[in-house]
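Structure record follows, encoded as structure tokens.
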Ligand code: NAP
């Protein structure tokens, strides 16, 4: 593959994913809002760029990994955005988790310029990003998916083309309902164990061998037992994802009670100033609800 690759957004996820592309032999042009975020990439041989437009001028495939829907709109369509530097025949791949409907409208806008876009949100957390074992759920045209597949292979393991533009983001919403509901379930189970006098660490160990086993019980359960909520996946980003889920549910007139409950736990967490903690700290919200002080 001779495509030149651009990468924009070098946070917890973007930095290791970009490094894995370099490790796999791709030449990268990168941009991050804060110059210091680009240093590890520059040290690994990437070309650093002053804006998303400059990245696009140097690239055939441009990947974005920023925070929220307005950030992707700004980076791709805004002033000095990718759209200002696009080369003929380029492709844009958004790896961030954002709104499916806005994704479809950005893709439409890029198609008017003759540029195809894929939405390719990921799951697997920082560990998956570092180890290149991410699940990648892709929406967009099949030929573009085939073109970009070698990049996905360098960053992930379970790569599924779900359907047209926005379908990857819909899949990610489904993922976040399951992850959030499982975090809340694990938190309730460990709180019950603690309150009823059973060692939560032993309970986790036993459950990991049975039908209740999950990656969330393994990883987030351990975080709850250790009371260690270093992110990981920041509560404010999980809150954002549940907002996207609820917006989509509202657009479709769909009742998703469990998703709504998770969104409320995350509101409480962020409202308590814990937006930068790992979303496993939902445990802390349930702990607070169950505190034994007189009401
Ligand atoms: P993060 O550590 O906060 O990184 C986000 C990066 O995007 C930062 O470098 C930030 O720049 C940059 N950015 C945000 N808005 C921007 C804008 N308007 N213009 C330019 N740069 C901008 O977040 P992350 O954990 O890497 O998450 C990135 C995306 O992946 C999110 O959509 C998240 O939901 C998704 N995701 C995260 C995980 C996880 O476990 N962390 C797992 C799966 C998916 P600054 O540093 O200057 O703020």
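Structure summary
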item	result
Förster radius 25 Å - calculated FRET efficiency between residue 213 and residue 157 (Cβ-Cβ, nearest 0.05)	0.80
Tilt relative to the chain, helix 167-195 - C-alpha long axis, 0 to 90 degrees, to 10	20
Overall form of the stretch 1-145 per C-alpha gyration tensor (a/c, 1.5; a/b vs b/c)	rounded
Mean residue ellipticity (222 nm) of the chain, computed from DSSP H runs ≥ 4 via -39,500 (n - 2.57), nearest 500	-16000 deg cm²/dmol
Net length gained if the chain between residue 23 and residue 222 were fully extended (0.36 nm per residue, minus Cα distance)	68.5 nm
Proxy reagent accessibility, fewest Cβ within 10 Å first, across 199, 94, 278	199, 278, 94
Residue order, fewest to most surrounding Cβ atoms within 10 angstrom, among 252, 191, 41, 217	252, 191, 217, 41
Potential lengthening between residue 290 and residue 201 on full extension [0.36 nm per residue; Cα-Cα distance subtracted]	30.1 nm
Mean Cβ neighbour count within 10 Å, used as a protection proxy, ranking 171-183, 262-274 highest first	171-183, 262-274
Principal-axis tilt of helix 100-111 within the chain, Cα atoms, nearest 10 degrees	10
Which of 225, 244, 282 has the fewest Cβ neighbours within 10 Å, and the rest in rising order	225, 244, 282
Cα centroid separation, the stretch 123-194 to the stretch 251-276 (Å)	19
The chain: relative contact order in percent, alpha carbon pairs under 8 Å with at least 6 residues between	13
Bridge type composition, the chain - antiparallel percent by DSSP, nearest 5	15
Computed label-point distance, nm, for sites residue 188 and residue 39 using a 7 Å Cα→Cβ extension	4.6
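Only the coordinates and a few stated rules stand behind these numbers; no lab work does. Keep in mind that what you see is a predicted model, and the values were worked out from it rather than measured. Every residue, glycine among them, receives a Cβ derived from its backbone with ideal geometry; neighbour counts consider all protein chains shown.
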